[in-house]
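**Q** For reference, the structure I am asking about is given below.
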Amino acid sequence: MRKFENNILIFSVMLCWASAYVFIKGLPEELSDFGYLALMNSMAALLLMALFWQRLPSVNKQILFHSLILAGLMTLVLLFEKEGVERLAPASASMLTSLDIVIVPVFMIFLRKFPTRQQVIGIVFILAGVLITNGVSADGFPLAGTLFMLGDCVCMSLYTVVSNRFCQKDDPLLLAVVQLAFMGLIGMIAWNIESPGMIFRLQYTRSFLSSLFVLAIFTKAYAYIMLMYGEKYGDPVDVVLIFALEPVVTLFLSMLIPESFGGVEETFSMTALIGAIIIVIGSCIANLDWQEIRERIRSRRQSDGKI
Amino acid sequence: MERFKLGKFRQFLITFLSFVILGACFKVMVLVEGLTEVRPVNAIPVPAGLFFGTIAGLACALGNLFSDVFGTLTASSVLGFIGNFIAAYMPYKLWHLYSKESPNIHGFRKLLLYLWVTFVSAAAVSWMIATGIWLVFHSWVPNLALIIFMNDFVFPILFGLPVFIVLTSDSVRIECAKRPKDLLPIGAKGRKMMTVIYAVLLTVLLVLTHLGGEGYVTIATVLSIPAVVLTVCLML
């Protein structure tokens, strides 16, 4: 798989996650975050199991163990994020979340893999873009909320690095399926502790079931398979640099379908637009295969010279 | 690594069921107020067509008809049947016209080819359904042409393309349908030229259908005649 193919995979995952808001509005209010996680992940896991049942006998102890680690990390990410977002303003939370573009390269240095020059330049641009979009104010970072968001960021960075390692060794498809099954199981346990028997008390209307199904397919089943394949062929730093485009996609979607994002005036401003442009530039600098582009230009010049 | 091979029945079943299930889900959901026609299910025909060829065309056409039976079955469902067959079969025919390799986007040119075949088939579907409803059933629906075109162009790129990449990657290497046989004795050069004319013609028809209005009926009808001829020539 070529680098641009891989970038397309990761971008589609980010797009799915960023556009989840559009589908979430179809869910009932009494469905808690744990309930949401339990239903989404279980449904996605069951769907994938039904679809790829012939591959399931290949699941071994290693895949089970790796999937459990990934599921645990992802659940921690979601828990930390939930707590952090409740305690922080959206701009502060968004800024802290974007720190994974710094943490992942640091983790990679521990694994003796240094970021390339274009990745470093890209990171600087993206951070500048995030700062411009969200602004800086020391008051916007109360300790508890900041710690939760940093925990979210560290766990997400760990997830990116670890899943990249696991995907080299295991079948990405099975890793995605078993991981979703574990996440569903963890979600079910937590949901049952939080509100016992709620799963049976919910009103399963056609609209709710449709939203549930679509969310399970796109934001879970589809997104996790694509993410695992993207991790298998990609570099963790490139992955987070593409994920850094999420605020840009959200801004674009809020302009396209304002009613699903609480009105365009909530998200759009001139500084947000400038910040988004800088983030896009940073991501392009980091992710385009400049060496190949240079070689193409050189070979084209040479062939023109011959003519 | 060995290629991932699916029997013809499974090819049909997978495409058909995916189309019906996803189509049914999005029929119930209103994603955007006033626009119930946002259909991510339209991501399926292009990659399915490139992988399974004629079988995918039939599966998508029948899948769409099946969804219509449970909600909106009208005389215009015939146009939907033909349109969804074109949505899967046209990319398959066009891909093999431009490339000797089995479908993949391992190079930048192949990516452009994917975009090109998606554009032409989206324009063809939009013309077949929206212009068809307008001219044959004398019912002009505002924005219908644009909505169909956007559904058939954007979703195969946003969701169809990543699936296509994974299934053509070294880990899966799905076995694609064989090169289609050309029933009409037209050379590759002639077909390529016809495709460009077809794309221009469909774009004009798309704009006319979007604008609607009595004044454009005659010109749209006249332009639809060569569009029908070119569709048949390119499909056979």
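The values are calculated or read from the model by the stated rules, or taken from the named source; none is laboratory data. The model shown is predicted, which means the values in this text are computed figures rather than measured ones. Methodologically, a virtual Cβ is constructed for each residue, glycine included, from the backbone with ideal geometry; neighbour enumeration extends over all protein chains shown.
**Q** Only one of A:Ala45, A:Ala50 is within 14 Å of another protein chain (Cβ to nearest Cβ), farther than 20 Å from A:Pro236 by Cα, assigned to a helix (DSSP H, G or I) and of a type in the set (A, V, I, L, M); which?
**A** Exactly one residue qualifies, and that residue is A:Ala50.
**Q** I'd like the full set of residues that are at pLDDT below 85 and touching a Lys or Arg at 6+ places or on another chain (Cβ under 8 Å), limited to the stretch B:147-178.
**A** B:Ser171, B:Arg173, B:Ile174, B:Glu175
**Q** Counting just the residues of the stretch A:234-244 that are more than 14 Å from A:Met14 (Cβ to Cβ) and surrounded by 23 or more Cβ atoms within 10 Å (Cβ to Cβ), which one comes out farthest from the other protein chains (Cβ to nearest Cβ)?
**A** So the residue we want is A:Val237.
**Q** Quick check on my filter: what residues within the stretch B:140-169 are within 10 Å of chain A (Cβ to nearest Cβ) and part of a loop (DSSP other than H, G, I, E, B)?
**A** B:Thr168, B:Ser169
**Q** I'd like the full set of residues that are surrounded by fewer than 18 Cβ atoms within 10 Å (Cβ to Cβ) and at pLDDT 85 or above, limited to the stretch A:85-111.
**A** A:Val102, A:Val106, A:Ile109, A:Phe110, A:Leu111, listed by residue number.
**Q** Could I ask something else about it? Just one of (1) in contact (Cβ under 8 Å) with a residue 40 or more places away in the chain; (2) surrounded by fewer than 20 Cβ atoms within 10 Å (Cβ to Cβ) trips up B:Val200, so point out which.
**A** Condition not satisfied by B:Val200: (1).
**Q** Right, A:Met188: modelled with pLDDT under 85 and more than 14 Å from chain B (Cβ to nearest Cβ) or not?
**A** Considered against the rule, which asks whether it is modelled with pLDDT under 85 and more than 14 Å from chain B (Cβ to nearest Cβ), A:Met188 comes out as no.
**Q** Within the set of pairs 6+ apart or on separate chains, which have a first residue in the stretch A:142-166 that is farther than 11 Å from A:Met108 by Cα, a second that is of a type in the set (Ser, Thr, Tyr) and at pLDDT below 90, and C-beta atoms under 7 Å apart?
**A** Sorted first by the residue in the stretch A:142-166, then by its partner, the pairs are A:Met149/A:Thr97; A:Asp152/A:Thr97; A:Cys153/A:Thr97.
**Q** Could you list, in sequence order, all residues of the stretch A:194-241 that are farther than 30 Å from A:Leu99 by Cβ and of a type in the set (Lys, Arg)?
**A** Across the stretch A:194-241, the qualifying residues are A:Arg201, A:Arg206.
**Q** Could you run through the stretch B:94-112 and say how many residues are away from every other protein chain (no Cβ under 14 Å) and under 19 Å from B:Leu161 (Cβ atoms)?
**A** 7
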